[in-house]
Amino acid sequence: MATEAEPGRRRRCCAQDTPDVPKVPDSRGDSDGPRRGSLCDRHCVTINNWQGDVGELGCHLHRPRVPAAVSTPSCCQQHSEEVCESCVVKTTLTAENAVEANKLSNNYKFGFKKWKSHVTARPWEDRSEIVKELYSDLNVIRGSGGSMLTCGNVLYLLLFGWWLSLLYVLVAAVMFVTIMGAPYGRLCWDLAGYFLWPFGKVIQKVEVPKSHQACEAGAGESSALLGGPTPHRWRPQCWAGTGYWHRAGTAAWLCLGYPVLALAHGLVCVTAWLLIVLIPVAKLSARATSRVLLLPPERVLVRRLRMTEVPLEGEVILCCYRAANPYYYKYAVHGINVFAVNLLPLVLVTLVLGYADSPNRLTSSAVKFTLALLSIMPLSYYIGMAIASISAQSNFAVGAVVNATFGSITELTFYITALIKGSREGNRCYAEVVKSALTGTLVGCVLFVPGLCMVIGGIRHQEQRFNSRSAGVSSALLFLSVGGVFAPTLFSKVYGKLVCGECHNVTQNPLGHYLCHNCHFDLMDNNGTLYYSHVQPLVYTVSILLPAAYLIGLFFTLKTHTHIYDIHISDCHMPGHHHSAVVHWSRWRALVILLLSTLCMSACADLATEHISPILTNSTISQYFIGVTVLAMVPELPEIVNGIQFALQNNLSLSIEIGNCIAVQVCMLQIPILVLFTIFYPTNFTLVFSDLHVYASMFSVVLMNYIFMDGKCDYFQGTVLVMVYFILLAVYFFAPSPSGC
């Protein structure tokens with residue numbers, strides 16, 4: 001992404017730092033005006049010429065163009081020097097259609113969810129050959145498939161091939177015993193050899209000669225379709241092709257042979273699909289069950305491909321060369337990534353096991369808590385996909401409302417259910433865990449998310465640049481939000497009364513030193529006068545000011561200063577290709593999925609809080625560490641993946657904005673909502689954090705702003721952020737449990 005130049009370097013940025021704009025010689029030569037004006041005019045001419053060239057290629061920019069009648073000197077007469085310079089450094093992003101353009105534009109809007117995946121179906125011709133191979137059916141014969149002895153093929157033989165082939169041999173024996181199912185027995189015998197090593201072999205659907213004379217001609221007759229001998233299985237079928245024997249053989253096959261093989265192929269299909277890299281094996285098994293095993297045996301031909309053969313004329317049903325493909329992590333089903341598809345059954349298992357096995361007869365609370373926490377990851381993905389789909393297909397107002405309403409629903413659902421359970425049990429430990437999770441999300445999104453993206457992106461790109469002005473807006477809001485959130489804590493440290501649970505005299509002298517444990521500032525002294533008269537009004541004031549500051553930030557970045565992000569969206573296609581938007585999820589479908597995912601999220605959060613109590617009481621690990629790591633970062637895993645994908649594409653601005661936006665929403669939206677919730681449903685949650693939370697959060701924000709000052713970074717700076725994050729995790733790991741736990 002292009003970076004906004006610093007004031008002292010604007011002349012050089014305007015002249016050189018714009019890779020998207022080609023350089024053209026100045027047709028006017030030396031102008032009478034100053035040099036700055038000539039550079040500005042020359043780039044205005046460049047932009048106009050470039051727009052014209054792009055227009056000839058079918059690229060339509062989503063911005064007003066300069067009319068052709070406007071002369072070159074009038075460009076800088078109409079615009080100031082700063083405006084002309086800003087028009088040069090803008091980044092142009094390519095989108096296939098208007099819906100995708102809206103999604104890309106929303107990624108750069110403050111407060112909107114950043115989403116990497118496409119919300120519309122990409123045109124087939126625009127995809128790479130690697131991606132095309134992922135979605136192709138296993139019925140394409142390639143000229144040169146290379147060596148068939150690969151690690152993936154050997155893995156197939158060890159995992160599935162040998163026992164699947166043995167099963168076919170046993171079924172073939174059973175069908176031969178029935179006599180009437182002998183044609184199916186011969187088919188199973190041929191398929192036993194195929195599924196032992198299917199690579200380099202082909203299964204065809206052939207046409208049976210209709211004349212009985214052709215059938216009686218014997219093995220010496222050749223088939224016009226295949227150019228070779230008539231398959232041996234055709235001849236026994238001639239006398240049993242119709243009538244009683246045919247129906248009896250089919251019935252025996254459907255009762256004795258097909259169910260066993262369909263069950264085996266189903267097991268192979270599910271196992272291979274869950275392994276992801278073996279999805280070709282899953283396709284192979286699914287196609288064999290739905291097509292090959294349901295065909296009459298005389299219409300199935302199994303043969304080995306040879307390099308010297310002419311192209312086959314019959315319909316190819318199966319032709320596989322590789323059992324594994326490492327690029328299947330890119331595979332998507334109706335726009336849903338394969339990992340999210342595979343984790344969706346985990347949600348059903350969690351809900352059924354959690355509510356049907358309340359007494360914990362089948363599994364323990366630790367297992368149910370782990371399953372509930374893992375189920376939050378795919379649900380977070382579906383919520384993010386639904387929000388991005390609705391925002392891309394709606395106007396700005398609807399998108400802003402949806403993002404503000406459901407953008408933090410994952411975290412808020414867990415926090416509110418934990419506070420409700422703590423209030424019912426009278427256990428303050430749940431409130432402390434929620435505070436730890438809030439702090440962990442803040443620290444993780446400020447240090448770990450951008451740091452990890454810098455490291456991974458820096459491996460591919462030596463130096464990455466980002467928009468320091470847009471990052472500065474988020475940084476300013478972070479300073480404001482952290483100061484507002486911890487203001488009641490600092491107030492209580494100044495005016496609260498220090499109370500310790502246990503003190504020991506170290507020097508055995510009444511006037512000597514005392515060693516105290518479990519000390520905290522008591523705000524309820526004198527019937528809570530300090531808290532109810534001073535701290536609580538401050539908390540309510542902060543909870544009103546923080547959302548107001550968030551709205552001002554939205555208005556600043558999305559209305560009055562939109563030029564900060566320097567983004568143009570274009571839909572560029574080759575001539576003759578007209579692509580209409582084929583959305584994966586319509587607005588209504590996305591809304592239904594959003595509501596169902598939110599409902600399932602609430603149920604999983606309820607199960608997680610229901611079964612976290614034994615972990616908190618019996619675990620030797622500090623409750624601080626559990627809240628800061630597991631409860632804080634697991635729901636953010638889809639966002640971390642999005643940030644890494646953006647960084648790999650050298651778009652570090654979005655990677656940084658992902659972490660900053662989440663951190664800002666934690667302080668300016670989530671915490672005020674929790675405070676508002678405690679007004680209507682009293683809980684043990686107070687906006688007073690421990691010293692460890694305060695110091696960790698403030699240090700993280702200061703370090704992040706120091707790293708992001710110059711608008712460029714590399715993997716070393718990312719390593720610094722990640723290492724500081726792990727140091728803080730070590731501090732939380734060895735910290736004693738909070739009071740009340």
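The values are calculated or read from the model by the stated rules, or taken from the named source; none is laboratory data. As the structure is a prediction and not an experimental result, all values here were calculated from the model. Note: ideal-geometry Cβ built from the backbone for every residue, glycine included; neighbour counts use all protein chains shown. We work out accessible area using only protein heavy atoms, side chains counted, and drop any ligands, DNA or RNA first. Shrake-Rupley method; radii C 1.70, N 1.55, O 1.52, S 1.80 Å.
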What number of residues within region 534-569 are part of a strand (DSSP E or B) and at pLDDT 75 or above?
-> 0
Grab the helices (runs of 4 or more DSSP H) fully contained in region 344-461, keeping just those with 2 or more residues being open to solvent by 20 Å² or more (accessible area, probe 1.4 Å).
-> 365-392, 396-406, 409-425, 449-460
Residues in region 679-701: is at least one farther than 29 Å from Leu412 by Cβ and more than 28 Å from the chain's Cα centre (by Cα)?
-> no
Looking at (1) at pLDDT 85 or above; (2) open to solvent by 10 Å² or more (accessible area, probe 1.4 Å); (3) not aromatic (Phe, Trp, Tyr), which is the only condition Met709 fails?
-> (1)
Residue count, region 97-131 (criterion: farther than 18 Å from His584 by Cβ and assigned to a helix (DSSP H, G or I)) | 4
Checking Leu294 against (1) open to solvent by 50 Å² or more (accessible area, probe 1.4 Å); (2) closer than 30 Å to Ile612 by Cα; (3) of a type in the set (A, V, I, L, M), which single condition isn't satisfied?
-> (2)
Within region 623-649, residues open to solvent by 20 Å² or more (accessible area, probe 1.4 Å), closer than 20 Å to Ser117 by Cβ and of a type in the set (S, T, N, Q) come out as Gln645, Gln649
Which residue pairs have Cβ atoms closer than 6 Å, lie 6 or more positions apart in sequence or on different chains, and pair a first residue in region 292-313 that is farther than 16 Å from Ala262 by Cα with a second residue that is modelled with pLDDT of 75 or more and among the basic types (Lys, Arg)?
-> Arg299/Lys205; Arg304/Lys201
Looking at (1) loosely packed, with under 13 Cβ neighbours inside 10 Å; (2) modelled with pLDDT under 80; (3) β-branched (Val, Ile, Thr), which is the one condition that is false for Ile130?
-> (2)
In region 256-291, residue farthest from the chain's Cα centre (by Cα) [restricted to those that are hydroxyl-bearing (Ser, Thr, Tyr) and open to solvent by less than 60 Å² (accessible area, probe 1.4 Å)] = Tyr258
